[in-house]
Amino acid sequence: MEARIQLFYKTIREAEAVAKAVSPENVAVPRGLFIKTARRGSRVFTQIFCETRLKTFTATIDDLLSAVSVAEKSLSAVKGY
């Protein structure tokens, strides 16, 4: 299974903050799961490859989107919106 998620932001700085927030280093993932997040301009791209169960795949996507939501809310709070 594979998912490609693309997020768009108003600024490169916002995209960088979100990409860093959802890409912690040195995090072990289960065998058969690969996650890569990168920023290109004001976009954040995440690729997820899962060779295991559908439950693992959907939980990974859910975790990613939850982390994105927290990062975006934090950005809004810092900006005072």
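All of the numbers you see were taken from the coordinates with simple rules; none came from a lab. Every value quoted in this text rests on a predicted model; they were computed, and no experiment measured them. With ideal geometry, Cβ positions are generated from the backbone for all residues, glycine too; neighbour counts draw on all protein chains shown.
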Q. Number of Lys-Lys pairs in the chain under 24 Å by Cα, sequence gap 8 or more or different chains?
A. 9
Q. Which ordering of S74, S69, S23 is given by a fewest-first count of other beta-carbon atoms within 10 Å?
A. S69, S74, S23
Q | Sequence of F8, F45, F57 once ranked by neighbouring C-beta atoms within 10 Å, starting from the fewest | A | F8, F45, F57
Q | Options V22, T52, G32, ranked by Cα towards positive dipole end of the range 2-79, top entry (Cβ charges) | A | V22
**Q.** Where only C-alpha atoms are counted, convex hull volume of the chain per residue in Å³
**A.** 81
**Q.** For K73, K79, K20, order by how many other beta-carbon atoms lie within 10 Å, fewest first
**A.** K79, K73, K20
Q) How much net charge surrounds G41 when only the other residues with a Cβ under 13 Å from the Cβ of G41 are counted, with Lys and Arg +1 and Asp and Glu -1? A) +3
